[in-house]
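Below is one structure, written out as structure tokens; comments come after it.
The values are calculated or read from the model by the stated rules, or taken from the named source; none is laboratory data. The model shown is predicted, which means the values in this text are computed figures rather than measured ones. With ideal geometry, Cβ positions are generated from the backbone for all residues, glycine too; neighbour counts draw on all protein chains shown.
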Protein chains: 2
Amino acid sequence: MNGRAAMARALLDTLRRHVGAAHVLTEGDLSAWELDWRKRWRGKALAVVRPGSTDEVAAVVRACAAHGTPIVPQGGNTGLVGAGVPDGSGTQVLLSLSRMNRVREIDRANLTLTAEAGCVLQTVQQAAEDAGLLFPLSLAAEGSCTVGGTLATNAGGTQVLRYGNARALCLGLEAVTANGDVWHGLAGLRKDNTGYDLRDLLIGSEGTLAILTAATLTLHPRPAATMTALAACASLEACVALLAAAQQQLGPGLTGFEVMNAFSLALVARHFPRLHQPLPNVPWTVLVELSDSEGEAHARGRFEALLADALEAGTIGDAAVAESVAQSRAMWHLRESIPLAQSEEGLNIKHDISLPVSRIPAFCAATGAALAARWPGVRLVNFGHLGDGNLHYNVQAPAAADAAAFLGSEEPAVNKLVFDAVVANGGSISAEHGIGELKRDELALRKDPTALAMMRAVKRALDPQGLLNPGRVL
Amino acid sequence: MNGRAAMARALLDTLRRHVGAAHVLTEGDLSAWELDWRKRWRGKALAVVRPGSTDEVAAVVRACAAHGTPIVPQGGNTGLVGAGVPDGSGTQVLLSLSRMNRVREIDRANLTLTAEAGCVLQTVQQAAEDAGLLFPLSLAAEGSCTVGGTLATNAGGTQVLRYGNARALCLGLEAVTANGDVWHGLAGLRKDNTGYDLRDLLIGSEGTLAILTAATLTLHPRPAATMTALAACASLEACVALLAAAQQQLGPGLTGFEVMNAFSLALVARHFPRLHQPLPNVPWTVLVELSDSEGEAHARGRFEALLADALEAGTIGDAAVAESVAQSRAMWHLRESIPLAQSEEGLNIKHDISLPVSRIPAFCAATGAALAARWPGVRLVNFGHLGDGNLHYNVQAPAAADAAAFLGSEEPAVNKLVFDAVVANGGSISAEHGIGELKRDELALRKDPTALAMMRAVKRALDPQGLLNPGRVL
């Protein structure tokens, strides 16, 4: 046994003492932790360690720090950018927060809920609902993603337009630093100007600056009624005009504004033909959602006024208002089926971008034309959260082409064309998915150099040994 | 001439070359920059330097960094904690952003406005209004405080309940780092997960991590109608119950919820007897504001329903609804006259605290009793933004006592009693005013030690020479 192996064994013994032998996994099939759910990254951990408390997390971090052993924190393992699985070296500890899954407290009068990092998002949503309140963060992975993961990645989802992303829904954090100290920063305060904003610094840092162990989240009153509609627009310009009208007429009642281009819904029609499409074959379909604090009748009146005005102004050509919860769900289901339909259709090149809303029509026109000129027949699956300026702008190979071959040879050039246009328009190359491993090199190329230098300085300051999720983000 | 003086002269020559001799002030009455507006801190600057552009700010910072000369950035000089004036040494450069006062751009479709750091808040409000939109940040100093200053201190004000504080209204920053590099981080993006959240790290850092030169701010649709009322509550518990009802019934339409105890309005009655008090002599007066996206009639209906329900439930004993804009202004004027009435009454000990809303009644009962037990006859001016959990909890000497003598001997003990109770209840000792010089020692004593260590590490990382606003915050 060489020195390195002896060191590793000593560390594992220490970890077993801290968290119990049953929670230090080194054998058997560990792919639940070592393989990301898109099956794009497969690593090999020194061990999967599952602490059951904040003090145990701190003890694990201190032991790893003493051994110079890197740590990869993981929540529900539903990330999209390869930030939550170990590398292939077999030298990293995979620290799973999944046993820390309790809702610690609900404070109804303060509209806050405190949950541990491994608590599943749906559990938080349900706990809020049981208290007669709303936790609005909602995204496809909510049945398995965790509080810690959604905060570490600053997750977005479908309610950002009204309630903000994960960052906007967090008031306080508990976290373990790179040297194993615990920051007791849980707080249900809406105002606190006592020093630097460490909370927002750690949120979105993808486990590279500290390990989140718990958070105090903001709850909202439940709306009394929700209305959903699909509307047909002839152009993206018309979608932007409808958005402005909806913001003006519905104010903060506007809680959803999603767009889908014709091709994205055509893919849904092809692969999920049983899903009813109320407005078939229109250039752009908008999903609008209103949440109303008064009630059904009032909500319907406002909603129908918005749509009638838009019809009269020619902003929309047609509209279908959901008449039941089932119809509303079916409309959202259409929207949410686009990524699945894309998978059925075959490989594609995904971009999770954001732009100022005002620039989206011109960006799409110019970028679509540039892509078509260079790759005739290329198809765009263009959909997303227009209200947030966030598009999932995905490029599918021409129908006649071999998708795998197209991706193999053209992906870098496609990415360059799209990202160049995004940056030229003041946009972001990662709106809600993060950087992780997937976009680290792209970030180094494209981020403002002063910002990069500041980020690196912060990383060195808070994790001088570079042991927290190394190689991710920076 | 000694070496130090020669060095200083060389620096001043360099600064004059960069910004023009007219904008490097070293003589005459500089108290507009050297004395804070509360007249609590008077410093002496090496020079007041007034750059006219971001590049000039960067040049000034590089020159100062090369000479090891500290820089104190200043906006409108309306801060409350002594963070914006130089110390008395005559060795610090006071960097005034006041010449950088332009609104650079309004993007109506994107609901954003980009302004320079020295732009006065009221100018931003007016520019938004001229575009048919709303910039909701509003506070007493809005006629002279600046964009840079409100962001550097993460200012709060009267609209936080609905729109958030300054941090929540900023999407992007332009800033000059401690070594004189420019971070071009202006962006009108509502979603951007490309690395660490430097924006929120700099916001609220009181000029100690970088110098803000411009910001992209979020605008909102203007409400169609606003309603204001005063309501009488028998207790703070009743105020909290009214808040919960208002949040449930008005949803995001609730834009103001201020409380005032009987003594604070009694002071207003004594010193401003001509101000009409619609609900005299009640234990607690609540100011409620509704902003409605539909119109006057609809707003009135909702508002009166809320108040009628609360009357029936016994939550409030009486209410007065403003019937005109003038009456609404008069109600806000009552609230805003409290600090002035306090000044007229004499010296007092101010606390800008926040607590979980749920704990406020018990905190006030216990702390009020403890103060009264130790200092019989002590009077509490207790008012503030209950909806945000933020109280201005001010302690006035007993009526018979000499206020100056009372403060001179008792202020530390009063502060200790109040802050101990705040911390024990999970609160903050500075909700919206910041730390600056005033509360730096208190922060060092009371902040979580891990948080303090992280803040110090971040400060060292981003300002290794310690030249940016030294001695403030940390």
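Observations on the model:
- Residue list for the range B:197-251, filter: under 22 Å from B:Ala128 (Cα atoms) and of a type in the set (Ser, Thr, Tyr): B:Thr213, B:Thr216, B:Thr218, B:Thr226
- For the range B:214-227, filtered to residues that are under 23 Å from the mean Cα position of the chain (by Cα) and among the β-branched types (Val, Ile, Thr), the residue that is farthest from B:Thr146 (Cα to Cα) is B:Thr218.
- Qualifying residue in the range B:403-410 (condition: away from chain A (no Cβ under 14 Å), crowded, with 21+ Cβ neighbours inside 10 Å and over 26 Å from B:Leu242 (Cβ atoms)): yes
- Here the condition is being closer than 28 Å to A:Leu417 by Cα, crowded, with 18+ Cβ neighbours inside 10 Å and within 10 Å of chain B (Cβ to nearest Cβ); of A:Val458, A:Val473, it holds for A:Val473 alone.
- Test: A:Val124 is modelled with pLDDT of 95 or more, buried (at least 18 other Cβ atoms within 10 Å of the Cβ), within 14 Å of chain B (Cβ to nearest Cβ) and part of a helix (DSSP H, G or I): no
- Condition met for A:Thr158 (touching a Ser or Thr at 6+ places or on another chain (Cβ under 6 Å), modelled with pLDDT under 95 and either within 26 Å of B:Ser430 (Cβ to Cβ) or more than 10 Å from chain B (Cβ to nearest Cβ) (or both)): yes
- Residue among B:Gly118, B:Gly90, B:Gly132 that alone is within 14 Å of chain A (Cβ to nearest Cβ) and in contact with a strand residue (DSSP E or B) (Cβ under 9 Å, 6 or more places away or on another chain): B:Gly132
- Whenever a residue of the range A:44-56 is among the polar types (S, T, N, Q), its partners that are surrounded by fewer than 21 Cβ atoms within 10 Å (Cβ to Cβ), lying with C-beta atoms within less than 8 angstrom and at least six residues away or across chains, give the pairs A:Thr54/A:Val182.
- Selection of first residues in the range A:392-407 that are modelled with pLDDT under 90 and of second residues that are crowded, with 21+ Cβ neighbours inside 10 Å and of a type in the set (Phe, Trp, Tyr), restricted to Cβ pairs under 9 Å at least 6 apart or on distinct chains, gives an empty result.
- Some residue of the range A:422-431 being more than 10 Å from every other protein chain (Cβ to nearest Cβ) and either on the phi > 0 side of the Ramachandran plot or without any contact (Cβ under 8 Å) to a residue 60 or more places away in the chain (or both): yes
- Residue within the range A:275-287 that is within 13 Å of chain B (Cβ to nearest Cβ) and either part of a loop (DSSP other than H, G, I, E, B) or surrounded by 23 or more Cβ atoms within 10 Å (Cβ to Cβ) (or both) present: no
- Condition check for A:Val268: of a type in the set (Val, Ile, Thr), surrounded by 22 or more Cβ atoms within 10 Å (Cβ to Cβ) and in a helix (DSSP H, G or I): yes
- Count of the range A:343-360 residues which are surrounded by 17 or more Cβ atoms within 10 Å (Cβ to Cβ), more than 13 Å from chain B (Cβ to nearest Cβ) and in a helix (DSSP H, G or I): 1
- Filtered residue count, the range A:62-83, keeping only those that are under 19 Å from the mean Cα position of the chain (by Cα) and closer than 17 Å to A:Val176 by Cα: 4
- Residue within the range B:254-263 that is surrounded by fewer than 21 Cβ atoms within 10 Å (Cβ to Cβ) and either within 20 Å of B:Val240 (Cβ to Cβ) or at pLDDT 95 or above (or both) present: yes
This table checks each residue for (1) within 14 Å of another protein chain (Cβ to nearest Cβ); (2) touching a Cys at 6+ places or on another chain (Cβ under 6 Å); (3) of a type in the set (Lys, Arg).
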position: B:Gly368; (1), (2), (3): no, no, no
position: B:Arg379; (1), (2), (3): no, no, yes
position: B:Val395; (1), (2), (3): no, no, no
position: B:Pro398; (1), (2), (3): no, no, no
position: B:Asp441; (1), (2), (3): yes, no, no
position: B:Leu445; (1), (2), (3): yes, no, no
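- Qualifying residue in the range A:225-237 (condition: touching a helix residue (DSSP H, G or I) at 6+ places or on another chain (Cβ under 8 Å), closer than 30 Å to A:Ala451 by Cα and either at the interface with another protein chain (Cβ under 10 Å from one of its Cβ atoms) or polar (S, T, N, Q) (or both)): no
- Contact map, the range B:240-255: residues that are under 18 Å from A:Pro252 (Cβ atoms) and more than 9 Å from chain A (Cβ to nearest Cβ) paired with residues that are of a type in the set (Val, Ile, Thr) and part of a helix (DSSP H, G or I), Cβ distance under 7 Å, separation 6+ or inter-chain. No pairs are found.
- Just one of (1) within 13 Å of chain A (Cβ to nearest Cβ); (2) touching a strand residue (DSSP E or B) at 6+ places or on another chain (Cβ under 7 Å); (3) buried (at least 24 other Cβ atoms within 10 Å of the Cβ) fails for B:Ala166. It is (2).
- Counting only helices (runs of 4 or more DSSP H) that fall entirely inside the range A:361-474 and contain at least 3 residues that are over 24 Å from the mean Cα position of the chain (by Cα) and within 23 Å of A:Ser235 (Cα to Cα), no element qualifies.
- Condition check for A:Gly195: closer than 30 Å to B:Ile435 by Cβ, without any contact (Cβ under 8 Å) to a residue 40 or more places away in the chain, over 22 Å from the mean Cα position of the chain (by Cα) and within 13 Å of chain B (Cβ to nearest Cβ): yes
- Being crowded, with 21+ Cβ neighbours inside 10 Å and away from chain A (no Cβ under 12 Å) holds for only one residue in B:Leu171, B:Leu151, B:Leu137, and it is B:Leu137.
- Enumeration of residues in the range A:71-112 that are buried (at least 24 other Cβ atoms within 10 Å of the Cβ), assigned to a strand (DSSP E or B) and not β-branched (Val, Ile, Thr): A:Pro73, A:Gln74, A:Gln92, A:Leu94, A:Leu95, A:Ser96
- Total residues in the range A:269-328 satisfying the condition of being of a type in the set (Val, Ile, Thr) and in contact with a Phe, Trp or Tyr (Cβ under 8 Å, 6 or more places away or on another chain): the figure is 3.
- Residue check, A:Thr218 within 7 Å of another protein chain (Cβ to nearest Cβ) and either hydroxyl-bearing (Ser, Thr, Tyr) or surrounded by 23 or more Cβ atoms within 10 Å (Cβ to Cβ) (or both): no
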